[in-house]
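Trainee: Take a look at the following structure, please.
The values are calculated or read from the model by the stated rules, or taken from the named source; none is laboratory data. If you're wondering where the values come from, they're calculated on a predicted model, not measured in any experiment. All Cβ positions, glycine included, derive from the backbone under ideal geometry; neighbour counts span all protein chains shown. Ligands, DNA and RNA are excluded from the accessible area calculation, which covers all protein heavy atoms including side chains. Shrake-Rupley method; radii C 1.70, N 1.55, O 1.52, S 1.80 Å.
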Amino acid sequence: MSFEYHQRDRRQHPPALTPDYKTTVTRASRLPLLSVENSLSEITGPTFSHAALGDLDHDLVHNYTGAPAMGERTIVHGRVTDGNGNPVPGALLEVWQANAGGRYRHVKDGYVAPLDPNFGGCGRCLTDETGYYAFRTVKPGAYPFRNLSNSWRMAHIHFSIFGAGLAQRLITQMYFEGDPLRAQDPIAQTIPDPAALDRLMAPLDLDASVPLDSLAYRFDIVLRGRRQTMFENKLEGA
Amino acid sequence: MPLENPRETPSQTAGPFVHIGTLPSLAGLSAYPAEIGASIAGPEVLGQRIAIEGCVFDGLGVPVGDMVIEVWQADPQGIYPHPADPRHADAASGFTGFGRVATDFETGAFRIETVKPGPVPGRHGHVQSPHLSLWLVARGVNVGLHTRVYFGDDDTGADPLLGMVAPAFRRETLIATPAEDGVYRFDIHLQGDKETVFLDV
């Protein structure tokens, strides 16, 4: 059985042009997107297997050198479901983040905070049959960036999610409940609806923490829902 | 009470350090023995070997040096290696259909090495001309951009998606120009007079 995805509700997302995040001014598309019905090209997408992943890919505390990284030991976990409430199993999640001081291990990051010799900042995992995933990492630090003369990013973890089909492809950022920089973070504030931004603010999940070891935050991800379609009947006879 | 279905998680920009998570070797990290999207079509895949070369430009014509481009395509028979394609069991062995490249930090140039896809079944019995689906993310791009690459040496006159592009001159932004030896030229303009047609799929 094949499915096609519900139209994306663009009101849940930032518009392309958000001048307070200045880089969008020369990079935002200005002409309307061409709305197209899903074809096989959009309901299909890449699939991934555990064979491609390493044992420590989901453990950013240890996956750079084996020795533990500095910082607040943190579990991030949750479920990937779709707009129908169904789990999305086998979804590849890739994460990247700054270290506890707010510095990225990237050739283009020149922030004054030091690199942690034991932190790479890169991880990945696959959701299980119930859509569940979990990472262990250190809480990233806030950091400044060139936008206004004193713009800061609140602490965040970048998430890349591959759903079941190309139409579900999503990159976003997870924030931490109660972050005091939320109201002035120009990138978080590209999302016009505060209730939508709320859904990127992962709540503390004390019950999932590991006593004397790690705090936990819960970040549930919703991808686009889908409906059964008939158009594949033609394909089967083709 | 209005009907409340779960809402899609909002998108956020991939930011300038997207390579750490998606192409770590370009960030200067050797995180993984094999990076995802390194090969669209392994050497055993039969078909016409092609490369797509181009640059990404912003609205001022400045190269975009921090973009990651993902490719999704059918195999030379037009089959997707995915269970939603009824013919997926017949997809070419060694064909992933998925590739990932980044633009050069200074020049904004990219190169995609693959095999030419076959025509793909469309809706209502129509056939889609051979194409690559692209998905683009970068700093300053708030929601990933979908677009397609068609091939200038194919007859694309009956393609249902190209037929929807109006005004018609903008169709050219989706068509790669054949150069020499299987190389096609395809520039991407995020904004401006030559803005690429982006899709809401």
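Trainee: What residue, of B:149, B:183, is of a type in the set (Val, Ile, Thr) and either closer than 30 Å to residue A:159 by Cα or facing chain A (nearest Cβ under 10 Å) (or both)?
Mentor: B:149
Trainee: I would also like to ask the following. Applying the selection to segment B:64-75, what residues are of a type in the set (Asp, Glu), within 8 Å of chain A (Cβ to nearest Cβ) and over 8 Å from the mean Cα position of the chain (by Cα)?
Mentor: B:66
Trainee: Tell me whether segment B:116-131 contains one or more residues that are within 11 Å of chain A (Cβ to nearest Cβ), open to solvent by less than 30 Å² (accessible area, probe 1.4 Å) and of a type in the set (Val, Ile, Thr).
Mentor: yes
Trainee: Looking at residue A:196, is it surrounded by fewer than 23 Cβ atoms within 10 Å (Cβ to Cβ) and either in a loop (DSSP other than H, G, I, E, B) or more than 11 Å from chain B (Cβ to nearest Cβ) (or both)?
Mentor: Against the criterion (surrounded by fewer than 23 Cβ atoms within 10 Å (Cβ to Cβ) and either in a loop (DSSP other than H, G, I, E, B) or more than 11 Å from chain B (Cβ to nearest Cβ) (or both)), residue A:196 does not qualify.
Trainee: So residue A:158 clears everything in (1) in a loop (DSSP other than H, G, I, E, B); (2) open to solvent by less than 10 Å² (accessible area, probe 1.4 Å); (3) within 22 Å of residue A:88 (Cα to Cα) except one condition, right? Which one?
Mentor: Among (1) in a loop (DSSP other than H, G, I, E, B); (2) open to solvent by less than 10 Å² (accessible area, probe 1.4 Å); (3) within 22 Å of residue A:88 (Cα to Cα), residue A:158 violates only (1).
Trainee: Considering B:61, B:37, which residue is open to solvent by 10 Å² or more (accessible area, probe 1.4 Å), modelled with pLDDT of 95 or more, more than 7 Å from chain A (Cβ to nearest Cβ) and farther than 24 Å from residue A:48 by Cβ?
Mentor: B:61 is the lone residue from the list that is open to solvent by 10 Å² or more (accessible area, probe 1.4 Å), modelled with pLDDT of 95 or more, more than 7 Å from chain A (Cβ to nearest Cβ) and farther than 24 Å from residue A:48 by Cβ.
Trainee: Testing residue B:171 on (1) free of Cβ contacts under 8 Å to residues at least 40 places away in the same chain; (2) assigned to a loop (DSSP other than H, G, I, E, B); (3) not acidic (Asp, Glu), one condition comes back false. Which one is that?
Mentor: That leaves (2) as the condition not met.
Trainee: Which one of these is aromatic (Phe, Trp, Tyr), open to solvent by less than 60 Å² (accessible area, probe 1.4 Å) and closer than 27 Å to residue B:136 by Cβ: A:176, A:145?
Mentor: When all the criteria are applied, what remains is A:145.
Yes/no per residue for (1) aromatic (Phe, Trp, Tyr); (2) farther than 20 Å from residue A:171 by Cα:
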site: A:21; (1), (2): yes, no
site: A:32; (1), (2): no, yes
site: A:47; (1), (2): no, no
site: A:92; (1), (2): no, no
